[in-house]
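Student: Pasting a structure below so you can have a look.
The values are calculated or read from the model by the stated rules, or taken from the named source; none is laboratory data. Everything numeric in this text was worked out from a predicted model, so none of it was measured. Positions of Cβ are backbone-derived with ideal geometry, glycine not excepted, and every protein chain shown enters the neighbour counts. SASA here: full protein model, heavy atoms, side chains in, ligands and nucleic acids out. Shrake-Rupley method; radii C 1.70, N 1.55, O 1.52, S 1.80 Å.
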Amino acid sequence: MTGQPVRRLAARVLLVDGDGRILLINERELEGGEPYWLTPGGGIEAGESPQQAAVREVFEETGIKVCIGADAEPVWRERRVWSFGGVSYDQSNAFFVARVPVGTRVHPAALTTLERASLIGCRWWTPAELRTCGERLFPAEIADLAELAGRVGPPEQA
């Protein structure tokens, strides 16, 4: 990889079930790195609001339909430099909260070829499990964010 990282705005979702667990996606780096866990989410497309991007990304990556209001504010923001598929990104993430019932099933609906190649699986985690798992988590503060998401955000969706 050469040159400057691609600047990118992204929306991510702290997807919380009725037991206070958060859904994380397990991926592997295509360049031979270690697996890692992260929240559903991705790049904001032209003409999309961060809230619209968050809803779209959750559906594409999990098959779960969520509602995030047009006036919903992110509960956290971060900036991260990372690479995927040979491209380096300088990404600003806005994190939103969405709730789903316990037992909500995950069935990715529209993964890209690169996403399919990197996907290992997904899992619902408690904040306590995240604090002791010893695996790579993005962002590193995800256990704190999972606790925050359990206290704030919209009511559970049916």
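Student: Kindly work out what percent of the DSSP beta bridges joining two residues of the chain are antiparallel, to the nearest 5.
Tutor: Approximately 60 percent, going by the DSSP bridge assignments.
Student: Ignoring ligands, DNA and RNA, please state the percent of accessible area on the stretch 11-83 from carbon and sulfur, probe 1.4 Å.
Tutor: Heavy-atom surface of the stretch 11-83 belonging to carbon and sulfur, 1.4 Å probe: 48 percent.
Student: Could you tell me how far the Cα centroid of the stretch 61-100 sits from the Cα centroid of the stretch 35-51, in Å?
Tutor: If we compute the Cα centre of each part, the gap is 4 Å.
Student: On to the next question. With the contact rule set at Cα under 8 Å and sequence spacing of 6 or more, what percent relative contact order holds for the chain?
Tutor: For the chain, the relative contact order is 34 percent.
Student: Convex hull over the Cα atoms of the chain, averaged projected area in nm²?
Tutor: Orientation-averaged projected area of the Cα hull: 9.0 nm².
Student: Treating the angle as unsigned and between 0 and 90°, give the value, to the nearest 10°, between the Cα long axis of helix 50-62 and the longest Cα principal axis of the chain.
Tutor: 90 degrees
Student: Right, next: What is the log10 of I(q)/I(0) for the stretch 80-158, computed with the Debye formula using one identical point scatterer on each Cα and no solvent, at q = 0.15, 0.19, 0.20, 0.25 Å⁻¹?
Tutor: -0.77, -1.21, -1.30, -1.38
Student: Hey, what do the phi angles of the stretch 33-42 turn into as Karplus ³J(HN,Hα) couplings, whole Hz, using 6.51/-1.76/1.60 and θ = phi - 60°, x for Gly and Pro?
Tutor: With the stated coefficients, the stretch 33-42 comes to x, 6, x, 8, 10, 8, 6, x, x, x Hz.
Student: Counting helices only, and only those DSSP H runs with n ≥ 4, report the 222 nm mean residue ellipticity of the chain as the sum of -39,500 (n - 2.57) divided by its residues, in deg cm²/dmol to the nearest 500.
Tutor: Helix-only estimate at 222 nm: -6000 deg cm²/dmol.
Student: With a probe of 1.4 Å, find how much accessible area the stretch 58-158 has per residue, and write the answer as a whole number in Å².
Tutor: About 54 Å² of surface per residue is accessible.
Student: What is the sum of charges, Lys and Arg at +1 and Asp and Glu at -1, for the other residues whose Cβ falls under 15 Å from the Cβ of Leu111?
Tutor: -2
Student: I've got another one for you. Distance in nm between label sites at Gln52 and Ser88, each 7 Å beyond Cα in the beta-carbon direction?
Tutor: With each label point 7 Å from Cα toward Cβ, the separation is 3.2 nm.
Student: If you average over every viewing direction, what projected area does the convex hull of the Cα atoms of the stretch 1-48 give, in nm²?
Tutor: That works out to 5.2 nm².
Student: To the nearest 20 Debye, how big is the dipole of the stretch 5-71 about its Cα centre, given +1 on the beta carbon of each Lys and Arg and -1 on that of each Asp and Glu?
Tutor: The calculated dipole for the stretch 5-71 is roughly 140 debye.
Student: Next question. Given +1 on the Cβ of Lys and Arg, -1 on the Cβ of Asp and Glu, and no further charges, what dipole in debye does the chain carry about its Cα centre, rounded to the nearest 20?
Tutor: Computed charge dipole of the chain: roughly 60 debye.
Student: Next up: Taking Cα atoms, how many degrees apart are the long axis of helix 142-151 and the longest axis of the chain, rounded to 10 and kept between 0 and 90?
Tutor: Approximately 30 degrees, to the nearest ten.
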